[in-house]
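Here, each number is a calculation from the coordinates, and none is a lab measurement. What you see is a predicted model; the values in this text were computed from it and never measured. Positions of Cβ are generated from backbone atoms using ideal geometry, with glycine treated the same way; all protein chains shown enter the neighbour counts.
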Amino acid sequence: MKSLKALVIGMGLLIVVGLALLGYGLYRNSLHPASGRALPREAGEGPGGYFSVELPIAAGDHLEQMAVAGEKVILRISGADGERILVLDPQTGHLAGTVSLVPQKP
């Protein structure tokens with residue numbers, strides 16, 4: 001009976017210590033986030049900050065789809081001359097690559 005009582009007290013202490021460490025970790029991360037994703041940053045404030053870019057497209061083209069893949073922003077644009085996939089780097093705001101989708105010739 002005494003060993004059961006000691007085991008219950010020990011488990012209770014472990015729960016209290018674990019919750020205290022979890023609270024400390026959350027508090028510490030709120031003060032010093034490891035990356036720009038934990039707390040929003042101001043525009044132009046280093047890696048992970050917001051970016052603004054003007055991307056010229058031809059008249060008549062329109063944005064079909066937008067997605068995020070890893071550290072890149074993917075845009076699918078369609079128009080009279082076919083479809084293009086544009087890859088943007090949000091850290092620099094520059095165009096990282098373009099893929100033109102053309103129909104296969106028989």
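Some observations on this one:
- Ratio Rg/Rh, restricted to segment 53-106 and using Cα atoms, in which Rh is the Kirkwood radius: 1.00
- Across the options Pro103, Gly93, Ile77, the greatest Cα extent toward the positive end of the charge dipole of segment 53-106 (unit charges at beta carbon of Lys, Arg, Asp, Glu) belongs to Pro103.
- With a Förster radius of 22 Å applied to the beta-carbon distance between Gln65 and Thr98, the computed FRET efficiency rounds to 0.90.
- Percentage relative contact order, segment 51-106, counting C-alpha pairs under 8 Å, at least six apart: 26 percent
- Distance-filtered residues of segment 66-83 - backbone nitrogen under 13 Å, label point 7 angstrom along Ala58 Cα→Cβ: 77-83
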